[in-house]
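**Student:** Shown below is the structure under consideration.
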Amino acid sequence: MADTGMLAWISVIVFTCLTLSRANQYARGWGDDIDWVNLQDGLAKAKEQNKPLMLVIHKSWCGACKALKPKFAETKDIISLSKQFIMVNTENEEEPSEKQYSPDGGYIPRILFLDPEGNVRKEFINENGNDKYRYYYPDTEDIVTSMNKVLQAVEDGKLATGKKFSKLNEF
């Protein structure tokens, strides 16, 4: 017969492995309570679900990224609002190379908002930030403000599939 102590340890190990396997591999410290996906899946989901996409572009070695990450992960408003977005977190070599993903430069971190068709919506910027780095958000309050503005545009019918958003995408 197996030792009950040994069975208990095996149960703990199995439980831990199952829990870790369910952890979101794309969270990377930016919030385990957020349903992160990769960019390719995110673009498909945004279109399929007709939802805006929030794209976080960062590097593992970046000091500003490291400073923002824990604040982002702990902000309850971001976690709550994220349920109304398709959330994409790209790190290091996953950064998309297409020009639309660096509308005013390749600095990091950058947070961009895309419509359901996959177009970067250049009008959603950090309005309290630096004019040279419009998509840089050092504070989570400004991220929440932009998320709410995107959702207001959705509610107003200005951010949905179709022709309504074409004029707004001009910057």
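**Student:** Just grab the label-to-label distance for E74 and K132, each label 7 Å out from Cα along the Cβ direction, in nm (one decimal).
**Tutor:** 3.1 nm
**Student:** At 10 °C and a viscosity of 1.306 mPa s, what translational diffusion coefficient does Stokes-Einstein give for region 26-155, taking Rh as the Kirkwood radius over Cα pairs? Give it in µm²/s as a whole number.
**Tutor:** 110 µm²/s
**Student:** Distance cut-off 23 Å, Cα to Cα: go down the list K71/K149; K51/K76; K76/K99; K66/K158; K59/K132; K99/K122 and report the pairs above it.
**Tutor:** Beyond 23 Å: K76/K99; K66/K158.
Here, each number is a calculation from the coordinates, and none is a lab measurement. Bear in mind that the values here come from a model prediction, so they are computed numbers and not experimental data. Neighbour counts run over all protein chains shown; Cβ positions are idealised from the backbone, glycine included.
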